[in-house]
Structure formats: structure tokens, C-alpha cells
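What follows draws every value from the coordinates through simple rules; no lab data is involved. What you see is a predicted model, and the numbers here were worked out from it, not measured in a lab. Reconstructed Cβ throughout: ideal geometry from the backbone, glycine too, with neighbour counts over all protein chains shown.
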């Protein structure tokens, strides 16, 4: 399967499986939603949001998957340690803007996505998927509504 096919599987899995599961968990735990992060993001002009989506996809995937997972695996000898450590840091860095509810979703999503990376070692599929997912969330469906609370 090619890069585009793997990226499409990651995007569809994130939107139609991971997001609903993490939203269910967030609600069950009584954690706040995406409203604060969405309001912060939507305060930026569309061009800045588009630039942010593009750079986040490239930089975050290169740092948290391409470099961190590979290096942590070398250092620890444990794929589990590498995946969990990278994912925890990824989610923690999103906490100040997005809050605990979305960051829990980012943690779970990151574990799933990082596990895919560890299996396939396909950084380009990860970058494409990240950009597409962020485009869906921050550009294509930018309205703040009841579903973000």
C-alpha cells in the first residue's frame, strides 16, 4: 500500500474511530471539551491557521515520531517506552492551549498513531495524515458549537 493509502487510513481512523472514542471517554470523565482551544485557534486569521496546520504536521511528526520514537527506542531498547514517552510529551505540550479533555484525546490518538509509525516507519504518511486531520478540525469545521463543549 502506498503513502497516500496509509495516510487516508490514518485520517479516517482518527476521525471516525479515535475521535468518537476519546470524546466518549472525555464526557465519561467529565473533562472539558475543545471550546477554549477552538476559540484560541479561531482568533487567528485563516492564513495563519493554514500555516500552523502545515508546520505542525511537518514539525510535530518529525520530532515526536521520526526522531523521538527512533531515539528513545535506541536508548531504552523498549518500543513501549518509546511510544508512551513520546506520546505523553506530545499530549503534555498541547495541554496549555487545549486543556485536559482534548489533551487526553491527543494522548490516546498519539499512542495509536505512534504505534502505526513504529510498525510502518512511514513518516510521510504520518505528516500527510496530521496535516489532513488538523485541516479538518481547524479549517474545514471551524465553528465553535455545542459539540466542542
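Each peptide among 43-49, 124-130 gets the average number of other Cβ atoms lying within 10 Å of its residues, and from highest to lowest they stand as 124-130, 43-49. Just how many % of Cα pairs in the chain lie over 19 Å apart, if you round to the nearest whole percent? That tail contains 52 percent of the Cα-Cα pairs. The angle separating the long axis of helix 79-98 from the principal Cα axis of greatest extent in the chain is about 20 degrees.
Computed from Cα atoms, the angle from the helix 19-29 axis to the main principal axis of the chain rounds to 70 degrees. The order of the peptides 92-100, 114-122 by mean Cβ neighbours within 10 Å, most packed first, is 114-122, 92-100.
Using alpha carbons only, how many degrees (0 to 90, rounded to 10) separate the axis of helix 46-60 from the longest principal axis of the chain? Compared with the principal axis, the helix lies near 20 degrees.
On a C-alpha basis, how far is the centre of the stretch 1-37 from the centre of the stretch 76-110 in Å? Whole number, if you could? Each part reduced to its Cα centre gives a spacing of 14 Å.
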